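The values are calculated or read from the model by the stated rules, or taken from the named source; none is laboratory data. Just so it is clear, the model here is predicted, and its values are computed rather than measured. With ideal geometry, Cβ positions are generated from the backbone for all residues, glycine too; neighbour counts draw on all protein chains shown.
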Amino acid sequence: MTNVKDSFKRTTVSLRPEEYEALRFMAFKHKTSVAGVVRELIYERLEEEEGLLILWQMSLDLPAARNCAGQTSGASGWNATG
């Protein structure tokens, strides 16, 4: 079993109270956590920039780039849910 500490990197984001409350509302609506909402929003944004992401991964020679290179937009193979 994979430990969450091993599969995710941590970051801290400072938000205005109204932004945080909006994320809390979205989390409640979708029955997930605020962190889950943030991951999904980031995932969606990265999908929009998939071409740039693949080029960046290739420059680092990451295995994910080789797996994604032949796929169409929106099928990156990443899983941002949690």
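For this structure, a couple of remarks:
- Test: residue in segment 62-74 that is in contact with a Lys or Arg (Cβ under 9 Å, 6 or more places away or on another chain), surrounded by 13 or more Cβ atoms within 10 Å (Cβ to Cβ), modelled with pLDDT under 85 and not hydroxyl-bearing (Ser, Thr, Tyr): no
- Pairs are defined by a Cβ separation below 8 Å, a sequence spacing of at least 6 or placement on different chains, a first member in segment 11-36 that is at positive phi, and a second member that is surrounded by 12 or more Cβ atoms within 10 Å (Cβ to Cβ) and of a type in the set (Asp, Glu); no pair meets this definition.
Residues checked against (1) under 12 Å from the mean Cα position of the chain (by Cα); (2) in a helix (DSSP H, G or I); (3) surrounded by 12 or more Cβ atoms within 10 Å (Cβ to Cβ); (4) at pLDDT 90 or above:
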| position | (1), (2), (3), (4) |
| --- | --- |
| Ser14 | no, no, no, yes |
| Leu23 | no, yes, yes, yes |
| Thr32 | no, no, yes, yes |
| Leu41 | yes, yes, yes, yes |
| Arg45 | yes, yes, no, no |
